[in-house]
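The block underneath contains the structure these notes are about, expressed in structure tokens.
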Amino acid sequence: MRRTPLALCGGFTATLVLAVTGCSSSSDSSSSSGSSGSSGGTPRLKVSGGYMPKPVSDMAAGFLTVVNSGRSGDRLTSITSDISDDITIHKTENQTMRKVDSFDIPANGELDLDRGGNHIMFANLKKRPAQGQEVGIELHFEKADPIKVELPVKETNYNPATH
């Protein structure tokens, strides 16, 4: 896979730095997927803490936490939304981000997509949402049913650790 240093991303660098820096914590919004009975060998997924900083260009980032209380791991494989046809998931290491095909969600563990780290990237936005609006997304997994989530649009420099 090709690595793209943030410094080489031109005008996008400032936007991404604003969108991806900081820390994440959970918020009140949540959705879940999985079996309704005992956790058995299936993943039991719940999403919380989702948000999108207000975009300042035709790109945006999204952040959330997926908690798996099941006895089986799963993988986040893609995200879909009406806001963009170009949504990818990115891993960030050593100030370098790269597109990945999936993220593991371990059994009895969690996947954190947070500022300064792994995240959802929305490119070529069809519309730029305003602060206070919500952006509907659908998370797709290897095993579990898709989960629909509403991401509240926060101020551009929103940092949940300070709110």
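What do you reckon, is Glu150 closer than 16 Å to Pro53 by Cβ, part of a strand (DSSP E or B), at pLDDT 95 or above and open to solvent by 50 Å² or more (accessible area, probe 1.4 Å)?
Values: closer than 16 Å to Pro53 by Cβ: yes; part of a strand (DSSP E or B): yes; at pLDDT 95 or above: yes; open to solvent by 50 Å² or more (accessible area, probe 1.4 Å): yes.
So Glu150 passes the test.
Quick check, is Thr92 more than 29 Å from Thr162 (Cβ to Cβ) and of a type in the set (S, T, N, Q)? Let's see the steps before the verdict.
Numbers: more than 29 Å from Thr162 (Cβ to Cβ): no; of a type in the set (S, T, N, Q): yes.
No; evaluated as a whole, the condition is false for this residue.
In this structure, is Val56 buried (at least 16 other Cβ atoms within 10 Å of the Cβ) and either more than 13 Å from Leu111 (Cα to Cα) or not charged (D, E, K, R) (or both)?
Numbers: buried (at least 16 other Cβ atoms within 10 Å of the Cβ): no; either more than 13 Å from Leu111 (Cα to Cα) or not charged (D, E, K, R) (or both): yes.
So Val56 fails the test.
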For the range 102-112 the number of residues that are within 14 Å of Ser78 (Cβ to Cβ) and assigned to a loop (DSSP other than H, G, I, E, B) is 1
Among (1) closer than 19 Å to His90 by Cα; (2) more than 14 Å from the chain's Cα centre (by Cα), the one test that His119 misses
(2)
Residues Asp82, Asp114: which one is acidic (Asp, Glu) and at pLDDT 95 or above?
Asp82
Determine if the range 124-135 includes at least one residue that is open to solvent by 90 Å² or more (accessible area, probe 1.4 Å) and not in a loop (DSSP other than H, G, I, E, B).
yes
Starting from the range 47-64, take each residue that is over 15 Å from Asn157 (Cα atoms) and list its partners that are open to solvent by less than 10 Å² (accessible area, probe 1.4 Å) and not aliphatic (A, V, I, L, M), counting only C-beta distances under 6 angstrom and pairs at least six apart or across chains.
Leu64/Gly49; Leu64/Gly50
Kindly indicate whether any position in the range 107-114 is over 20 Å from Tyr51 (Cβ atoms) and open to solvent by less than 30 Å² (accessible area, probe 1.4 Å).
yes
Tell me which residues, restricted to the range 85-101, are surrounded by 15 or more Cβ atoms within 10 Å (Cβ to Cβ), among the hydroxyl-bearing types (Ser, Thr, Tyr) and in contact with a Lys or Arg (Cβ under 7 Å, 6 or more places away or on another chain).
Thr88
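Confirm whether Asp145 is farther than 20 Å from Val56 by Cα and either more than 13 Å from the chain's Cα centre (by Cα) or without any contact (Cβ under 8 Å) to a residue 24 or more places away in the chain (or both). Can you show your working first?
Working: farther than 20 Å from Val56 by Cα: yes; either more than 13 Å from the chain's Cα centre (by Cα) or without any contact (Cβ under 8 Å) to a residue 24 or more places away in the chain (or both): yes.
Judged against the criteria, Asp145 is a match.
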I'd like to know if the range 72-84 contains one or more residues that are buried (at least 18 other Cβ atoms within 10 Å of the Cβ), closer than 14 Å to Pro152 by Cβ and out of contact with any Gly (no Cβ under 9 Å at 6 or more places or on another chain).
no
Which one of the conditions (1) assigned to a strand (DSSP E or B); (2) touching a helix residue (DSSP H, G or I) at 6+ places or on another chain (Cβ under 6 Å) does Arg115 fail to meet, given that it meets all the rest?
(1)
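The values are calculated or read from the model by the stated rules, or taken from the named source; none is laboratory data. Every value quoted in this text rests on a predicted model; they were computed, and no experiment measured them. Here Cβ is always computed from backbone atoms with ideal geometry, including for glycine, and neighbour counts include all displayed protein chains. Each accessible area value is taken on the protein alone, full model and side chains, heavy atoms only, with ligands, DNA and RNA left out. Shrake-Rupley method; radii C 1.70, N 1.55, O 1.52, S 1.80 Å.
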